[in-house]
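The values are calculated or read from the model by the stated rules, or taken from the named source; none is laboratory data. Remember, predicted model here, so these are calculated numbers, not experimental data. Because the Cβ atoms are built from the backbone with ideal geometry, glycine has one as well, and the counts that use them run over all protein chains shown. Ligands, DNA and RNA are stripped out before the accessible areas are found, and what is left, the full protein with its side chains, is counted by its heavy atoms. Shrake-Rupley method; radii C 1.70, N 1.55, O 1.52, S 1.80 Å.
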Amino acid sequence: MNPTLQEPPLNRDGLIAYDKIIVCFSGGKDCLAALLYLLDLDVPREKIELAHHLVDGEDANVFDWPVTENYVRALATSFQIPLFMSWRVGGFTGELWKTDAPTAGVTFETTGGERITIGGGGKPNTRRRFPQQAASLRVRWCSSVLKIDVMDTVLRNDPRLQGKRILVIDGCRAEESPARAKYKAFEIHRADARRSGRRHVDAYRPVLKWSEAAVWDIIRRYGVVPHPAYQLSWSRVSCRSCIFLDKSSLATLRDLYPEAFAQLAQDEANTGYTIAREGDVTRRAAAASPFARATDNPVMAAIANGDAPLGAVRISPADWRLPLGAFKGHGGGPT
C-alpha cells in the first residue's frame, strides 16, 4: 500500500462487512483510483461491482465520449469485476428538449442480463433549458437528472439490492473544488432505508483527501492505460461536451470534433441560455488556443471518437506514461 496516502475511515474489515460495494465508475482517473484502492486493500472482487451511467442513454453519442462505454467495459473485463449500466430513458437530449411531458423513466441492468425500466410519469413539465455552470444541481441539472437520480433509482428498485448492506463509492476529491472540499468522506446514502429493513446504504469517498499525484501513482502501479481523453490533453473525462469545459478544451473540441461542437453551439442558441455567463461556446473557444499536442494525434482522436479500436487498457507499469492531461487543474470542473 502506498504510505503517502491518507488512511480511510474504513479498513478492510469494515469494507468486507458490506454485501455489495458499488463503485460509481465514469472511467475517469479518480473513480479508477478508488477502485484500485479497494484492490490494494485486498477486498474480495466478488463483493465489488461497477456502476456506469450512460449520459446519452442507450445507442446514442451526443454529449458523452463515444469511447467511454467500451473503455469501462474493457476495464471491468480486465479486472474481472461485474459492470452494470443504467440510464435515463432518452438521455441528455430527451431531457433537454422535454416539452409538456412527464419525467422519463430509468433503465438499469440487473443480474442475468435483465433490464428493468422504472419511474417516470408524474405531472408534465418543460425543460428546454441548457444546464449552466453552477454549484446548484437545479441549474446544473445534468448531474442530478442523468447521474445522481439514476443511481438512486437503481439502489431503491433493483431487486438484488434489497435487504442488503451496500456501500456506494465515488471518486470525488477535495482538491477539485471548494464545494467538494466540504464533502464528508463517509455518510449515510440518500437511498438508505435501514429503519424499515429494506436496505442499508452508506456512501464513502476513499480518495477525498488524495492529491492528483497519488491518483496517477496508483493508476501507474496497476498499469491502467488512462482514458483516451486524458491522452488528448483533457484534464477531465466527464462528458466530451461537458458544460464545465474551459476555453482551451472548447477550442480543441471545435477543431477535433466540429460536429459535436456545432451541436453544443446550436443547443445553446436554441434554448436561449449560454452554458457560461461570460459568453457562448463559440466566443469562448475563439478566445483560446487548442491543446498543443491534441490536434497532432489523429489516431487517439479517432479512438476517443469510437472510429478506431480501443486497444489494451492494461500494460506493464514499466511502459506506463503520464497522459498529457495530467496536472492541468480541474479543467473548469464544478466549483
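Answer yes if at least one residue in segment 137-152 is open to solvent by less than 60 Å² (accessible area, probe 1.4 Å), part of a loop (DSSP other than H, G, I, E, B) and at pLDDT 90 or above, and no otherwise. Checking segment 137-152: at least one residue is open to solvent by less than 60 Å² (accessible area, probe 1.4 Å), part of a loop (DSSP other than H, G, I, E, B) and at pLDDT 90 or above. Collect the residues in segment 14-38 that are more than 25 Å from Thr110 (Cβ to Cβ), open to solvent by less than 10 Å² (accessible area, probe 1.4 Å) and among the small types (Gly, Ala, Ser), keeping them in residue-number order. Within segment 14-38, just Ala33 meets the criteria. Residues that are surrounded by fewer than 20 Cβ atoms within 10 Å (Cβ to Cβ) and farther than 14 Å from Ala286 by Cα were ranked within segment 245-259; the one that is nearest to the chain's Cα centre (by Cα) is Tyr257.
Please enumerate the residues belonging to segment 205-232 that are farther than 19 Å from Ala76 by Cβ, of a type in the set (Phe, Trp, Tyr) and crowded, with 23+ Cβ neighbours inside 10 Å. Result: Trp210, single match.
Residues in segment 265-283 that are at pLDDT 95 or above and either in contact with a His (Cβ under 7 Å, 6 or more places away or on another chain) or open to solvent by less than 20 Å² (accessible area, probe 1.4 Å) (or both): Val281 alone. Of the helices (runs of 4 or more DSSP H) lying entirely inside segment 1-93, those containing at least 2 residues that are touching an Asp or Glu at 6+ places or on another chain (Cβ under 8 Å) and either modelled with pLDDT of 95 or more or not aromatic (Phe, Trp, Tyr) (or both) span 29-40.
Which pairs have Cβ atoms under 6 Å, sit 6 or more apart or on different chains, and link a residue in segment 183-194 that is on the phi < 0 side of the Ramachandran plot to one that is open to solvent by less than 80 Å² (accessible area, probe 1.4 Å) and of a type in the set (Ser, Thr, Tyr)? The qualifying pairs are Phe186/Tyr204. Looking across Ile118, Ile81, one residue alone is of a type in the set (Val, Ile, Thr), open to solvent by less than 50 Å² (accessible area, probe 1.4 Å) and farther than 24 Å from Ile275 by Cβ. It is Ile81.
Okay, residues lined up against (1) more than 16 Å from Val237 (Cβ to Cβ); (2) of a type in the set (A, V, I, L, M):
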{"residue": "Ser26", "(1), (2)": "no, no"}
{"residue": "Leu32", "(1), (2)": "no, yes"}
{"residue": "Tyr37", "(1), (2)": "yes, no"}
{"residue": "Asp42", "(1), (2)": "yes, no"}
{"residue": "Ile48", "(1), (2)": "yes, yes"}
{"residue": "His52", "(1), (2)": "no, no"}
{"residue": "Asn61", "(1), (2)": "no, no"}
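The set of residues in segment 84-115 that are touching a residue at least 60 places away in the same chain (Cβ under 8 Å) and open to solvent by 30 Å² or more (accessible area, probe 1.4 Å) contains only Phe84. Every listed requirement among (1) surrounded by fewer than 21 Cβ atoms within 10 Å (Cβ to Cβ); (2) part of a loop (DSSP other than H, G, I, E, B) is met by Lys123 save one, (2). Restricted to segment 126-136, and to residues there that are without any contact (Cβ under 8 Å) to a residue 40 or more places away in the chain and surrounded by fewer than 14 Cβ atoms within 10 Å (Cβ to Cβ), the residue that is farthest from His52 (Cα to Cα) is Thr126. Of all residues in segment 284-297, exactly one satisfies the criterion of being at pLDDT below 95, in a helix (DSSP H, G or I) and open to solvent by 70 Å² or more (accessible area, probe 1.4 Å), namely Asp296. Across segment 154-177, the number of residues qualifying as open to solvent by 30 Å² or more (accessible area, probe 1.4 Å) and modelled with pLDDT of 95 or more comes to 9.
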